[in-house]
Every structure is written in C-alpha cells, then in structure tokens.
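The values are calculated or read from the model by the stated rules, or taken from the named source; none is laboratory data. Quantities reported herein were computed from a predicted structural model and do not represent experimental measurements. Please note: Cβ atoms are built from the backbone with ideal geometry, for glycine as well, and neighbour counts cover all protein chains shown.
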Amino acid sequence: MPSRILKVGIAGLGRLGQRHAQALAFRTRHCELVAACSPVASERAFAGEQLGVTRLYEDFDAFIADPELDAVVLVTPTSLHADQAIAALKAGKHVFVEKPLALNVEDCERVLTVAEQHPAQVAMVGFVRRFDPSYLNAYASVAAGEIGRPFLVRSQTCDQNDPDGFFVRFASTSGGIFMDCSVHDIDLARWMLGRPKALRAFASGTIALHPALAEFGDVDNGMAIVEFEGGARAVLYASRTMAHGHETSTEVIGTAGKLSVGEHAASDRVVRSDAHGVRHAVVKDFYERFETAFAAEMAAFVAACRGEQALTLTLADALEASRIGLAITRSLHSGLPEAV
Ligand SMILES: NC(=O)c1ccc[n+]([C@@H]2O[C@H](COP(=O)([O-])OP(=O)(O)OC[C@H]3O[C@@H](n4cnc5c(N)ncnc54)[C@H](O)[C@@H]3O)[C@@H](O)[C@H]2O)c1
C-alpha cells in the first residue's frame, strides 16, 4: 500500500472548481491540494486565502510543469478539456477531467490515444452519478437481475431556472444542453443497460424562457431518444427552467420490474401535510443533490492514482457518451434522426 500523500493541483476555480478544490483541500484523504491555476486573479486569491494553496498559477503550461504535482484536476471550460488533459498526461501527471471529455469525437480520440501511451497514469472523466449511493444501489439491483432484462432508461437532468442566465454565458463553451446536461444521463443509460452500442438518435427542443440561447443554436428544454443495438432505448429530457428546484431523476425499466431514482427531488425527509396539501422541500442545484457523490468521486480518483483501487469508468465510456451527445445535438439542429 503506497504511503505517500498524493500531491494534487486544480485548474479552473469557477462554479464547480471551487467545490472540488474545497473537497480536495479539506475532505479527501491521502491527498494534499498544493497548486491551483486560473486566469482570474480573484480565483487564485480564493485558493490562496481560503484553501492555503501557495503554488498559484495564471498560466496553464507553467502549472502542469510543476514538478511537485502528481495529479491534476481539470474543472475548466469544456472547450479546453481535450488539449489540457493531453498536455497534463504528457507532463507525467494523473488527470481527472470534468465531463464531457470533449466537444467532438476526434478530440476525445486524441485524449484516448495519449492516455494509452501513458498506461501508468490515471485518466478519469467526472461522471459523478457513478459515485452516487442511490445510483450505485440501483446499478447493483440491475446487475443482480432484480428487474429482469433492462431495456429502457428514462432519465432527466433538470435545473432550476436561473434568472441571471449563467448558462447563457456558458453556452459558447458548453456544447449545448445535451452535451452539458444529458451527457450524464447518456453515460448512466449505457451503464445501466450494459454498454450497448448506440445506433441512432432523434432530438427536439424548445426555448421556454431564454431567447438569447438561439444565438448559440441551443435550447433551454431538450428531449431525445437514443436507439441501441439489441432493442434497448433511452429517453432523455434536459431543462434549464424548472420552477421548483433541481430534479435529476431516472427510471430503469426491465422485463421483471422498474427502478426509480431521485423522483420528486426531495432535499430531506420532512413532508408537510396541511390545508394546502402535502409537500416537501426540494434540492436547489446539482451540487446539493450530488455533494456526497462528488466527494466519493474525488476519493476514487485519489485511490486510483495511489494504485489502491481500479476505476470501472473508462475514457472509452466518456468517448461513447460524447459520441451519442453529439449525434443528439446534430439531430436537434437538423430535425432528423442522426446516426451515432
Ligand atoms: N459533473 C457535474 O455535474 C458538473 C457540474 C458543473 C460543471 N461541470 C463541468 O465542469 C467544467 C467547469 O464548469 P463550471 O460550471 O465550473 O464553469 P465556470 O465557468 O464557472 O468555471 C470555469 C473555470 O475555468 C477557469 N479557466 C478558464 N480558462 C482557463 C485556463 N486556460 N486555465 C485554467 N483555468 C481556466 C475560469 O477562470 C473558471 O474558474 C465544465 O466542463 C462543466 O461541464 C460538471
């Protein structure tokens, strides 16, 4: 068992990067957050002042050249993922990169090629739901045959409406709603269905509240159907405009039963029943819903880098999720079914 503490650096200290950085600095065992990189001075100051990180980089190339670092966590805009992951692997670092791996198949394949050339280094993509206790519980039931043969996954990622429109500014680098949100449901569907090959996708969408998305060819509500070899299907819904809160939920339907995860998005176990009806509080955003899973994900990355635990989630899975998400996005734009 390796005893050395893993020295980790993080690039990207935005909405999610700050959360990952806090988890690495204070809540992940066997690692030390020693460096941080961001082009934004206030984000570097956050890492220095709030997390006690002393090695602060404005420049990404200088960051990955830091000889102190064993591993890097990339929480940067999606359009940068492929080139940054490749540069970090070539610099000899283990790499965790947020989802999606890249915004085109060629970039995903470039990362896989470089990762294959560096087999001693871990390369992991952040499909956080694979580390969520409820999804793991559902997966164990499916794997044990409890619902018979699973043939349909119906899954949604729905965010509470953000009147500030963060995701409108984010749209130029996110790849659109399907690559940004549904890519989680796509990976989940492949996982639950036993990694079948995807054949064809069809999508539609609408803009309910945020007309500025039209400039990016994006929508704030999108629906898609994915057909897999052997008859399995996935039905996906993604929304940016929920009134009540964040609702990620999934049904896995099999020949002998059905599993439901996350229905109604309850944030705790209190249900109020009174003259107005029966109701409960709702999780407000993805981080509140998946905080435990994000912590388990970072722990799994550190354990894999230290050689303690192999990862079942592979770069090939991330490539397939991007391939399917891209076919869905093409279909949204063409209005026609698209081959995956
Ligand atoms: N797993 C999930 O559920 C989940 C949730 C949210 C975001 N994400 C992913 O995380 C990534 C970041 O999303 P976000 O919402 O935090 O975005 P964000 O825009 O809030 O943060 C991006 C960060 O990257 C920094 N940055 C920009 N260029 C950089 C460079 N060249 N080098 C280093 N840092 C640079 C920015 O300063 C900022 O700190 C995206 O790929 C997104 O898909 C995943």
Legend entry - Those strands (runs of 3 or more DSSP E) lying entirely in segment 238-323 with at least 1 residues modelled with pLDDT of 95 or more and within 15 Å of the ligand (Cβ to nearest atom): 247-254
Inset, instruction - Search segment 148-205 for residues being among the acidic types (Asp, Glu) and not in a helix (DSSP H, G or I), and hand back the single one that is surrounded by the fewest Cβ atoms within 10 Å (Cβ to Cβ). - result: ASP164
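Kindly evaluate THR54 against the criterion of being among the hydroxyl-bearing types (Ser, Thr, Tyr), assigned by TED's automatic domain parsing to the domain that holds ALA123 and more than 23 Å from the chain's Cα centre (by Cα).
Details: among the hydroxyl-bearing types (Ser, Thr, Tyr): yes; assigned by TED's automatic domain parsing to the domain that holds ALA123: yes; more than 23 Å from the chain's Cα centre (by Cα): yes.
Here the answer is yes, as THR54 does meet what is asked.
Does ASP187 count as of a type in the set (Asp, Glu) and over 22 Å from LEU315 (Cβ atoms)?
Numbers: of a type in the set (Asp, Glu): yes; over 22 Å from LEU315 (Cβ atoms): no.
Answer is no for this residue.
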Inset, instruction - Of the numbered conditions (1) surrounded by fewer than 20 Cβ atoms within 10 Å (Cβ to Cβ); (2) in contact with a helix residue (DSSP H, G or I) (Cβ under 7 Å, 6 or more places away or on another chain); (3) part of a loop (DSSP other than H, G, I, E, B), ALA102 fails exactly one; give the number of that condition. - result: (1)
Inset, instruction - Considering each of THR241, THR250 in turn, give the residue that is under 26 Å from PRO133 (Cα atoms) and surrounded by 14 or more Cβ atoms within 10 Å (Cβ to Cβ). - result: THR250
Inset, instruction - Determine which member of the set HIS264, HIS244 is more than 15 Å from LEU332 (Cβ to Cβ) and out of contact with any strand residue (DSSP E or B) (no Cβ under 6 Å at 6 or more places or on another chain). - result: HIS264
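Under the condition of being near the ligand (Cβ under 9 Å from one of its atoms) and either among the aliphatic types (A, V, I, L, M) or assigned to a helix (DSSP H, G or I) (or both), which residue from segment 54-66 is farthest from LYS99 (Cα to Cα)? It would help to see each step written out before you state the result.
First, the residues of segment 54-66 that are near the ligand (Cβ under 9 Å from one of its atoms): 57-60, 63.
If we keep only those that are either among the aliphatic types (A, V, I, L, M) or assigned to a helix (DSSP H, G or I) (or both) too, we end up with 60, 63.
Values: PHE60: 19, PHE63: 21 Å.
The selected residue is PHE63.
Identify, from the list ILE177, ILE207, ILE147, ILE186, the residue that is outside the structural domain of ALA88 (by TED's automatic domain parsing), β-branched (Val, Ile, Thr) and free of Cβ contacts under 8 Å to residues at least 24 places away in the same chain.
Working: ILE177 fails: free of Cβ contacts under 8 Å to residues at least 24 places away in the same chain; ILE147 fails: free of Cβ contacts under 8 Å to residues at least 24 places away in the same chain; ILE186 fails: free of Cβ contacts under 8 Å to residues at least 24 places away in the same chain.
On inspection, the qualifying residue turns out to be ILE207.
A quick yes/no check of all residues on (1) β-branched (Val, Ile, Thr); (2) closer than 27 Å to ALA171 by Cα; (3) surrounded by fewer than 21 Cβ atoms within 10 Å (Cβ to Cβ):
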| position | (1), (2), (3) |
| --- | --- |
| ALA36 | no, yes, no |
| ALA47 | no, yes, no |
| VAL72 | yes, yes, no |
| ASP83 | no, yes, yes |
Inset, instruction - Report, by residue number, each residue of segment 86-110 that is within 13 Å of the chain's Cα centre (by Cα) and either away from the ligand (no atom under 14 Å from the Cβ) or among the acidic types (Asp, Glu) (or both). - result: GLU98
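Tally up the residues in segment 206-217 that are among the hydrophobic types (A, V, I, L, M, F, W, C) and in a loop (DSSP other than H, G, I, E, B), please.
Restricting attention to segment 206-217, the residues satisfying the condition of being among the hydrophobic types (A, V, I, L, M, F, W, C) are 207-209, 212-214, 216.
Applying the additional criterion that residues be in a loop (DSSP other than H, G, I, E, B) yields 207-209.
Final tally of qualifying residues: 3.
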Inset, instruction - Being touching a Leu at 6+ places or on another chain (Cβ under 7 Å), at pLDDT 95 or above and farther than 22 Å from ALA296 by Cα narrows it down to one of SER38, SER42, so name that one. - result: SER38
Legend entry - Close pairs from segment 51-76: first within 20 Å of VAL122 (Cα to Cα), partner away from the ligand (no atom under 14 Å from the Cβ) and assigned to a helix (DSSP H, G or I), Cβ under 7 Å, at least 6 apart: ASP70/CYS305; ALA71/CYS305; VAL73/LEU24
Legend entry - Total residues in segment 9-53, condition more than 15 Å from the ligand (Cβ to nearest atom) and part of a helix (DSSP H, G or I): 4
Inset, instruction - Name every residue in segment 67-77 that is out of contact with any strand residue (DSSP E or B) (no Cβ under 8 Å at 6 or more places or on another chain) and away from the ligand (no atom under 14 Å from the Cβ), in order of residue number. - result: PRO67
Inset, instruction - Could you please let me know if PHE96 is in contact with a Cys (Cβ under 8 Å, 6 or more places away or on another chain), aromatic (Phe, Trp, Tyr) and not in a loop (DSSP other than H, G, I, E, B)? - result: no
